[in-house]
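See structure below.
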Amino acid sequence: MIIQQIFQEYQETKHKTEISISQMKNDLGDLIDKIVLYGAGSAGIAFLSYLHDIGIYPKCFADGSPGKWGTVCENLPVIDYKEIVKTVGEDALVIITINTDGKKFCKSFEEALRTGGHSGVYQNLKDSGCKNIIDYTYFRRCRDLFQGDTYNLPSCSDVRLMESHEQDLCKVYHLLADDKSKEVFEKLVRFRMLDDSIQIPTERQDKQYFEYEFFPQKEDEVFVDCGAYNGISLNMFLQENKNQFKKYYGIEPDKDNYKKLTEYTATLPEEIQHKAVLLNKAVYDTQRKLNLYSLNGPGSFVADIGRMETEAVKLDDVLGADGATYIKMNIEGSELPALKGAEQTIRGFHPRLAIAGYHKTWDLWEIPELIHSMNPSYHIYLRSYMNHISFVFYCV
């Protein structure tokens, strides 16, 4: 009933809260021609693409990372945020396009202003002379803008699509294994459809993927790390398990990230290196070539606009008779096809799963439904690590 009540309230209030694309443009007024996007990362690229689709063309990106200054991102120059006023003017409209909850968290590993959290970003922009500062989440009210969920932007879901999947959302709510999971799920649905000021129960980020309250640790773990990045998950896995495991698969499609992964692994003791299999590939539902949008860091994603070609593999083919005891996936929106490519492993070996569920609107219901269809005996839990931005389904 809880999810149904949210949908009922949505139907009663949506006409009061939604605005059209034309109304949004009208609200921006003359500032529409003086837009600067702060954050030349995955969120900024996604939001820029949405704006281009409706004929809005920002002037440039600004960023807090000196390494990005003077570069070009999606044909826009990337400038030092302290140069915004000089470059665009005092009346520039700065739209913060980093993954943030709008209050506290800033999810960007190379974000120079992260130490101050969200308030730190605002304060630094104000100190540099910027007067008009808003978050990209302001545009969530314009629901037509995000129909289709074409680009990865976790804070701006396709609410129209959710509206047509009420029954699926109700089903998943009842599939969840504990009260906390149900609370997180209910508040995520409420956040997306009704109230983006709501706070979702949030866990410590250093425990993400390794919530051992749900399952025992194993000395013979076969850990499959999809989206291995630079070895950060491997490092945490080794700490949590005191270097005891049978085999590790680190799978990372981005060439720069993969290089960092291999460099980190080379620093580990030889007995650990001998049990590690590293692959510069993407996991998917078929073996094929994919276009990867490389960010030379976290967040690289498969997309038609990607300029880097990467080879995709099925986990079933990679693992074979080894199987797996534990599969972790955070692969920027490719989780569903990757799970389909691991169906034989999931059905045959029943590995524990830790699967990111926030990149695409439909991941919220399709990921748990798919896993349940592969193995109805799984207990499915849900935990959030950054309010509405980062959450993981655990399946045991």
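Among the trypsin sites (Lys or Arg not before Pro) found in the range 269-340, those both in a DSSP coil and sparsely packed, with 10 or fewer other Cβ atoms within 10 Å of their Cβ, are 307.
Over all projection directions, the Cα-based convex hull of the range 265-325 averages an area of 5.6 nm². Peptide packing: for 54-65, 80-91, 208-219, the average count of neighbouring Cβ atoms within 10 Å per residue gives the ranking 54-65, 80-91, 208-219, highest mean first.
Short-range pairs are left out: with C-alpha atoms under 8 Å and at least six residues apart, the relative contact order of the range 167-395 is 22 percent. Pairs exceeding 24 Å between alpha-carbon atoms, taken from 247/281; 289/340; 68/260; 126/187: 126/187.
Compared with the dominant Cα axis of the chain, that is its longest principal axis, helix 2-17 is turned about 20°.
For 267, 310, what's the fewest-to-most ordering of other Cβ within 10 Å of each Cβ?
The most exposed by this proxy come first: 267, 310.
Against the 2.2 N^0.38 Å scaling, with N counting residues, where does the range 18-146 land? I'd like the Cα-based Rg ratio to two decimal places.
0.98
Secondary structure note: in the chain, about 35% of the DSSP beta bridges are antiparallel.
Mind ordering 183-195, 138-150 by average Cβ neighbours within 10 Å, highest first?
Those peptides, ordered most packed to least, come out 183-195, 138-150.
Taking the longest Cα principal axis of the chain as reference, the axis of helix 232-241 is set at about 40 degrees.
According to the calculation over all Cα-Cα pairs in the chain, the P(r) per 20 Å bin from zero is 27, 57, 16, 0 %. Each of 236, 374, 1, 329 was scored by other Cβ atoms within 10 Å of its Cβ. Listed from fewest to most, they are 1, 236, 374, 329. Could you tell me the calculated FRET efficiency between residue 275 and residue 16, based on Cβ-Cβ distance and R0 = 56 angstrom, to the nearest 0.05? Working from the Cβ atoms, E equals 0.45.
Taking the Cα centre of the chain as the origin and placing charges on Cβ (Lys, Arg +1; Asp, Glu -1), which of 170, 58, 223 is farthest toward the positive end of the dipole? Selected residue: 58.
From least to most packed, judged by other beta carbons within 10 angstrom and beginning with the fewest, 285, 322 follow the order 322, 285.
Where a number appears in this text, it was derived from the coordinates with a stated rule and is not lab data. Source: prediction; values computed, not measured. Because the Cβ atoms are built from the backbone with ideal geometry, glycine has one as well, and the counts that use them run over all protein chains shown.
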